[in-house]
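Single-structure report; data block below.
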Amino acid sequence: MTETIMAITGPTSGIGRGTVKNLIHDFDRILLLARNLEKAAYLKQELLELNPEVQIEIIECDLSVLDSVRQAAENIKYKYDHLDCLINNAGIVSTSKEESVDGYDLMMATNYIGHFLLTHELLPLVMNSERKQVVVVSSGAYKFAPMKKPFFKPKRFNAFAGYGRSKLGTLYLAQELHEKYSRKGLKTTAVHPGMVSTNIGKSNVSPTVAGLVFKLLDPFFVTVEEGCQSVVKAVRQPEKYAGFYSDEGEIAAVKQYGSDFQMRREFIDATLEELDLEAL
């Protein structure tokens, strides 16, 4: 019997942590793609206490750094020939202008670009599995603003628009995967789990600015357990949620900017060009 393998980004806190703990008995092996190796080590011990039979591997991966993503993917491809389920979960909110080491807006780099590259690199392994599943953690914040050029290096910073566009990007990624690979058996789901308020990265800005940002984001806040359950449902019911947008566990229609096919095509093409890739 083939070993079942799941990989997840951002597993050490918030929704990611809750998701892994809930799925600890669902797979034979779990790959923790984490930036903070110390936190990942603590999580590994917790998971092994919950299920001593599961195999846990820590893969260093900083989604905001392209070289780190490439190295993580290479490590996985070197060791494994298939990957049953990839969960693109890691994400940040920044209340001040920050750039990644590659020169991109930090939220766009972490939430979208890194995951796009990781998915591209690992997709052959996913397609080589029996399950063939990708779960993309998006957000209802995709409604905050339409996608706008320059896509990856905006001239002006706006916390709401920047976060919304990064999550709109993840929604576009899920839609693109479904469109291109569903006929080959890939089951892709975009999930809005809500955001865990205690796990949102607050930057070094004034309390007034940070307070305003998080007050406006408050409608999206959920508990860790509430948030992770929508991801868990998507993982456990791939056929039911394949090709759909899950809004806190309920299949929902994509609205506004998420339905802009022309912009999606332009944005995905720009991503491929930026990463020097021919296709997703």
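Here is how the numbers come out for the structure above:
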read-out: Over the chain: helical MRE at 222 nm, DSSP H runs n ≥ 4 each giving -39500 (n - 2.57), nearest 500; value: -13000 deg cm²/dmol
read-out: Among the listed pairs Lys97/Lys149; Lys97/Lys167; Lys77/Lys233; Lys143/Lys187, those beyond 19 Å (Cα-Cα); value: Lys77/Lys233; Lys143/Lys187
read-out: Evaluated over the stretch 221-264, the Cα radius of gyration and Dmax, each in Å; value: 12.3, 36
read-out: Estimated inter-spin distance, Glu239 and Glu179, nm [label 7 Å along Cα→Cβ]; value: 2.7 nm
read-out: Debye, to nearest 20: dipole size of the chain, +1 on Lys, Arg Cβ, -1 on Asp, Glu Cβ; value: 820 debye
read-out: Sorted largest first, extent of the stretch 121-189 alpha carbons per principal axis (Å); value: 44, 21, 15
read-out: Protection proxy ranking, peptides 109-122, 162-175, 58-71, 261-274, average beta carbon neighbours within 10 Å, highest first; value: 162-175, 109-122, 58-71, 261-274
read-out: Reciprocal mean inverse distance between Cα atoms of the chain - Kirkwood radius, Å; value: 18.6 Å
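Bear in mind that the values in this text are calculations on the coordinates, not laboratory data. None of the values given here were measured: they were computed from a predicted structure. So basically every Cβ, Gly included, is an ideal-geometry build from the backbone, and we count neighbours across all protein chains shown.
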